[in-house]
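Contents: one structure, followed by commentary.
The values are calculated or read from the model by the stated rules, or taken from the named source; none is laboratory data. Quick caveat, the model's predicted, so the values are computed rather than measured. All Cβ positions, glycine included, derive from the backbone under ideal geometry; neighbour counts span all protein chains shown.
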Amino acid sequence: MAILFIGAHPDDIELGCGGTICYYLDKGYEVHCYHLTNGVYTDLNGVLVRDIEEIEETSIKSLSTLGVKEENIYFTDVEATQLKVNKKMISEVQKCIINKNINMIFTHSHPDTYHQDHRAAHNISMASARRYVNNIFLFEITFTFTLGFFNPNYYINISNYIERKKKVLHFHKTEYNKYNGEEWINSIESLAKYRGAQVRVKYAEAFYLMKYLLD
């Protein structure tokens, strides 16, 4: 079985699915991670905040620490905040789905987010998978909740992996500093603890199951 985790930006996949990646790797699944942007962005004054070298090095280090093979980590040349739903993006993801024999996809939720890239990532993922993948899960990220539409119906116990998830998020130093350091890490741990309490385990990641085929 091959799983594709799709994130709008480098660090989104770890935020929403860091423990789940470890869970499935331990069960022998082949894991692929596709970043729909390269994560490069500037501040309101046009000053570069993250450059491509830092982002790719950090993301590869982070996902590799979780156990993902480096050759299974993909980036596009689209800058952050510029992601669009179009034929080119959909076709590129479809090629990955076909060439890697993807059976399951984890991607962004929608419409429970204000971030335009996250919304685009969801639509690209769903369009790309529509003829090829019957098992699709939507993940959550702590600071993108808006109207409370995210109602999880699928949980994965990540109690054995929470420390590894927290460790790799420290590698994303720009984002770590941007979101007040350990407060960011603590919010992520708190969400995992809350989701765990809902299913009576110590820590969990929660998802909305879009569709699932028993075969």
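Among the residues making up segment 93-119, those that are touching a strand residue (DSSP E or B) at 6+ places or on another chain (Cβ under 9 Å) and farther than 18 Å from L209 by Cβ are V93, C96, I97, K100, N101, H115, D117, H118, R119. Summed over segment 98-120, residues that are surrounded by fewer than 21 Cβ atoms within 10 Å (Cβ to Cβ) and outside any strand (DSSP E or B) total 11. Against the condition at pLDDT 95 or above and either out of contact with any helix residue (DSSP H, G or I) (no Cβ under 9 Å at 6 or more places or on another chain) or crowded, with 23+ Cβ neighbours inside 10 Å (or both), how does D12 come out, does it pass? For D12, the condition - at pLDDT 95 or above and either out of contact with any helix residue (DSSP H, G or I) (no Cβ under 9 Å at 6 or more places or on another chain) or crowded, with 23+ Cβ neighbours inside 10 Å (or both) - is met.
Here Y208 clears all of (1) more than 27 Å from E53 (Cα to Cα); (2) in contact with a helix residue (DSSP H, G or I) (Cβ under 8 Å, 6 or more places away or on another chain); (3) hydroxyl-bearing (S, T, Y) except the condition numbered (2). Being farther than 30 Å from K211 by Cβ, of a type in the set (D, E, K, R) and surrounded by fewer than 21 Cβ atoms within 10 Å (Cβ to Cβ) is a property that E56 has. For segment 171-194, the set of residues classified as within 17 Å of the chain's Cα centre (by Cα) and either at pLDDT 95 or above or crowded, with 16+ Cβ neighbours inside 10 Å (or both) consists of F171, H172, E175, Y176, W184, I185, I188, E189, L191, A192, listed by residue number. State whether one or more residues within segment 191-205 are in a loop (DSSP other than H, G, I, E, B), touching a residue at least 24 places away in the same chain (Cβ under 8 Å) and among the aliphatic types (A, V, I, L, M). Looking for residues that are in a loop (DSSP other than H, G, I, E, B), touching a residue at least 24 places away in the same chain (Cβ under 8 Å) and among the aliphatic types (A, V, I, L, M), one finds at least one in segment 191-205, hence yes.
Any residue at all in segment 42-63 that's of a type in the set (D, E, K, R) and at pLDDT 95 or above? Scanning segment 42-63, I find at least one residue that is of a type in the set (D, E, K, R) and at pLDDT 95 or above, so the answer is yes. Within segment 56-72, residues that are farther than 13 Å from G39 by Cβ sit with their Cβ atoms under 8 Å from residues that are among the hydroxyl-bearing types (S, T, Y) and surrounded by fewer than 17 Cβ atoms within 10 Å (Cβ to Cβ), at 6+ positions apart or across chains, in these pairs: E70/S64. Within the option set K95, K166, being touching a residue at least 12 places away in the same chain (Cβ under 8 Å) and not in a loop (DSSP other than H, G, I, E, B) holds for one residue only, K166.
Of the residues examined, S159 is one that is modelled with pLDDT of 95 or more, farther than 22 Å from N72 by Cα and surrounded by 13 or more Cβ atoms within 10 Å (Cβ to Cβ).
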